[in-house]
Amino acid sequence: SNGQRIRLNNKMRIIFEVNDLSNASLATITRCGMVFFPAEALGWDSLLISWLKKLEVKKEKGSAEYLLNRESFQIISNLCDSFLPKLVEVFRLSPKVVPLSVFQVIRTFCDIFEALLEEERGFRAGAPMEFKSQYITLSFIFSSAWAFGGSLLNVDDKRPSDRIDALIKKRFNTM
């Protein structure tokens, strides 16, 4: 310990997220009130559900950034429910350039997808539902391809990204 103190007022909190506690003492763990949740206990779908709820709240508040109506939100929810589990399975079974957890990939997917749902990126709230549906679907495809396929490693002639590509083409063959 270096003896330095961080002064917090009553409304401030600090959260530390660590990869493991291999170098933490029992005193550190008890003083900080650390709780360990293995990734398997939470599941990646909890992150996705949290993100979807955040989108819905922004939609309900009429945020200028997210101009989703009920139908648009339902399209996003249906796409996530029907397609992401398949992508996660391919990702888990594939070699990666850099070791990434499914949580990191889902977070990347959410960040890319959310960024594309802004008017400055082409999403138009006043557009007909057909346009919005197609825009959401294409944004979903783009986000999925980059988030899940971007870190996969090609080994010899086997390309895991081809499996992601095949899944996307099979599911969205009419686009």
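Surrounded by 13 or more Cβ atoms within 10 Å (Cβ to Cβ), among the aromatic types (Phe, Trp, Tyr) and assigned to a helix (DSSP H, G or I), is that true of Phe142?
Answer is yes for this residue.
Do we find that Phe123 is hydrophobic (A, V, I, L, M, F, W, C), open to solvent by 10 Å² or more (accessible area, probe 1.4 Å) and either farther than 23 Å from Ser151 by Cβ or touching a residue at least 40 places away in the same chain (Cβ under 8 Å) (or both) in this structure?
On the way: hydrophobic (A, V, I, L, M, F, W, C): yes; open to solvent by 10 Å² or more (accessible area, probe 1.4 Å): no; either farther than 23 Å from Ser151 by Cβ or touching a residue at least 40 places away in the same chain (Cβ under 8 Å) (or both): yes.
Here the answer is no, as Phe123 does not meet what is asked.
Quick one: Leu84 ticks every box in (1) touching a residue at least 60 places away in the same chain (Cβ under 8 Å); (2) touching a Ser or Thr at 6+ places or on another chain (Cβ under 9 Å); (3) more than 22 Å from Lys54 (Cβ to Cβ) except a single one, so which number is it?
Every condition holds for Leu84 apart from (3).
Condition first: modelled with pLDDT of 85 or more, of a type in the set (A, V, I, L, M) and assigned to a helix (DSSP H, G or I). Can you find one or more residues in the stretch 70-77 that meet it?
Scanning the stretch 70-77, I find at least one residue that is modelled with pLDDT of 85 or more, of a type in the set (A, V, I, L, M) and assigned to a helix (DSSP H, G or I), so the answer is yes.
Among the residues of the stretch 126-139, which ones are loosely packed, with under 12 Cβ neighbours inside 10 Å and assigned to a loop (DSSP other than H, G, I, E, B)? Reasoning before the result, please.
Just the residues of the stretch 126-139 that are loosely packed, with under 12 Cβ neighbours inside 10 Å, to begin with: 126, 128-130.
Residues satisfying the conditions are Gly126, Pro128.
Look at the stretch 145-163 and say how many of its residues are without any contact (Cβ under 8 Å) to a residue 60 or more places away in the chain and open to solvent by 10 Å² or more (accessible area, probe 1.4 Å). Reasoning before the result, please.
From the stretch 145-163, those without any contact (Cβ under 8 Å) to a residue 60 or more places away in the chain are 145-147, 149-151, 153-154, 156-159, 161-162; that's our starting set.
Cutting the leftovers down to open to solvent by 10 Å² or more (accessible area, probe 1.4 Å) gives us 145-146, 149-151, 153-154, 156-159, 161-162.
Summing the residues that are without any contact (Cβ under 8 Å) to a residue 60 or more places away in the chain and open to solvent by 10 Å² or more (accessible area, probe 1.4 Å) in the stretch 145-163 gives 13.
Within the stretch 23-45, can you find the residues that are assigned to a loop (DSSP other than H, G, I, E, B), at pLDDT below 80 and within 21 Å of Leu100 (Cβ to Cβ)?
Matches in the stretch 23-45: Phe36, Phe37, Pro38.
The values are calculated or read from the model by the stated rules, or taken from the named source; none is laboratory data. Just so you know, these numbers come straight off a predicted model, no measurement behind them. So basically every Cβ, Gly included, is an ideal-geometry build from the backbone, and we count neighbours across all protein chains shown. Just the protein is used for accessible areas: all its heavy atoms, side chains included, with ligands, DNA and RNA removed. Shrake-Rupley method; radii C 1.70, N 1.55, O 1.52, S 1.80 Å.
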